[in-house]
Each structure stands twice: as structure tokens, then as C-alpha cells.
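**Q** Supplied in C-alpha cells, the structure appears directly below.
The values are calculated or read from the model by the stated rules, or taken from the named source; none is laboratory data. In this text the structure is predicted, and so the values were computed from the model without any measurement. Cβ sites come from the backbone with ideal geometry, for glycine too, and all protein chains shown count toward neighbours.
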Amino acid sequence: MFTRILVAIDSEPTMANQVMAEAAAIAKTGDAILNIMQVLYPLKSGYPDPMYMTLDGAFSTVSAEAIGAYVAQWQELEKQNKARLQERVDAAQAQGITAEFTHVIGEPGPEICATATSWNADLIVLGRRGISGLGELLLGSVSNYVMHRARCAVLVVQGETLGQETKEMSG
């Protein structure tokens with residue numbers, strides 16, 4: 001029986017809703033606690049490259065004003081993500097499920113595994129969009145990383161992307 005479920009979601013609402021539905025169903029059957037987690041990954045969130053290298057060393061390519069604007073945008077993004085996570089916690093609690101949230105900045109795979117370990121999760125629920133082959137090689141796969149490195153059980157919820165591609169190919 002799972003009692004501490006880490007629910008790793010991203011900013012894509014359809015996939016997050018599917019993952020939340022699966023986690024909620026499991027939590028209800030075992031009176032489990034949900035920790036709804038989102039990792040904000042700077043390199044996928046418009047993170048500017050502030051430096052360039054020359055033979056003479058490193059030089060800034062971004063003005064102080066641009067960095068200030070970026071920091072303000074980043075803080076607003078964090079605020080919005082935390083508000084959405086709180087909405088998900090409130091929705092889970094309305095269903096009678098004990099829930100909390102974790103919001104971290106970093107690389108998703110390692111952060112999910114680290115949080116699962118430190119929070120003593122016995123199950124991680126996360127989504128998979130169905131990227132494979134060259135796309136997975138170039139972009140990486142968070143679900144693959146977590147499946148091979150987590151110290152607890154992992155449930156991967158298949159997103160609709162793969163199913164739609166299969167449907168389109170078959171007719």
C-alpha cells in the first residue's frame with residue numbers, strides 16, 4: 001500500500017491532469033498523502049545566455065536591464081506556478097486527500113529523485129509524452145531518468161501524444 005505519493009507534473013495542463021487523476025485514484029484507495037511537485041527548469045524557460053567566450057576571456061552579452069527584466073519575468077513565472085500548484089492541492093483536499101506541494105528550480109529528473117528520497121516517498125507518479133528515438137536522445141526523458149534512478153516505485157502515465165500518433169498511422 002502506498003502512503004506517500006510524489007506527483008511530478010509539468011506546465012502542460014492535459015498531461016498534468018492525467019497524472020493528477022491517476023495519483024488521486026491511488027491516494028483515495030490507500031489514504032495516502034500527495035506531494036504535488038513541479039520543477040522549473042531554467043534552460044527550458046527562456047534562460048538567457050549571459051556570457052560568450054573569446055580568446056581574451058568571457059564577456060557579457062546581456063545588459064543589466066535585460067537581466068533585471070529576466071529576473072522579474074522569472075519571479076512572476078514562479079509565482080504563477082506556485083499558485084497553480086496550490087489550486088491542485090486545494091482540489092485534492094476537496095476530494096478528501098491530504099496534499100501539499102513542492103516547487104523547485106533545477107533539472108527535473110535529479111530533482112524529482114532527490115525530493116522523493118528526502119520526502120520518503122514510496123511512489124512517484126509522473127507523465128510521459130511518448131517522445132522516443134532521436135527526440136528522446138536529444139531532449140532526454142525525465143520519466144526514463146526517474147524510472148532508472150528512483151529508490152521507490154514509479155508509475156509512468158502515458159500521455160495522449162503517443163496514442164494519437166498511433167491512431168493517425170493506423171487509419
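Matching residues to (1) modelled with pLDDT of 90 or more; (2) under 17 Å from the mean Cα position of the chain (by Cα):
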position	(1), (2)
Asp90	yes, no
Ile124	yes, yes
Leu138	no, no
Val156	yes, yes
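**Q** Shifting gears a bit: Tell me which residues, restricted to the range 105-114, are closer than 20 Å to Met147 by Cα, among the aliphatic types (A, V, I, L, M) and either at pLDDT below 95 or surrounded by 21 or more Cβ atoms within 10 Å (Cβ to Cβ) (or both).
**A** Ile112
**Q** Is there any pair with a first residue in the range 105-118 that is free of Cβ contacts under 8 Å to residues at least 12 places away in the same chain and assigned to a helix (DSSP H, G or I) and a second that is surrounded by fewer than 19 Cβ atoms within 10 Å (Cβ to Cβ) and not hydrophobic (A, V, I, L, M, F, W, C) whose Cβ atoms are under 9 Å apart and which are 6 or more apart or on different chains, and what are they?
**A** Close Cβ pairs (under 9 Å, with a partner that is surrounded by fewer than 19 Cβ atoms within 10 Å (Cβ to Cβ) and not hydrophobic (A, V, I, L, M, F, W, C)) amount to Ala114/Gly106.
**Q** Turning to a different aspect of this structure: Please count how many residues of the range 6-30 are within 15 Å of the chain's Cα centre (by Cα) and small (Gly, Ala, Ser).
**A** Residues in the range 6-30 being within 15 Å of the chain's Cα centre (by Cα) and small (Gly, Ala, Ser): 4 in total.
**Q** Inspect the range 43-59 for any residue being assigned to a strand (DSSP E or B), under 30 Å from His148 (Cα atoms) and at pLDDT below 90 and give the result as yes or no.
**A** No, because not a single residue in the range 43-59 is assigned to a strand (DSSP E or B), under 30 Å from His148 (Cα atoms) and at pLDDT below 90.
**Q** While we're looking at this one, here's another question. Please state which one of Ala150, Ala99 is more than 13 Å from Val7 (Cβ to Cβ) and either at pLDDT below 95 or surrounded by 12 or more Cβ atoms within 10 Å (Cβ to Cβ) (or both).
**A** Ala150
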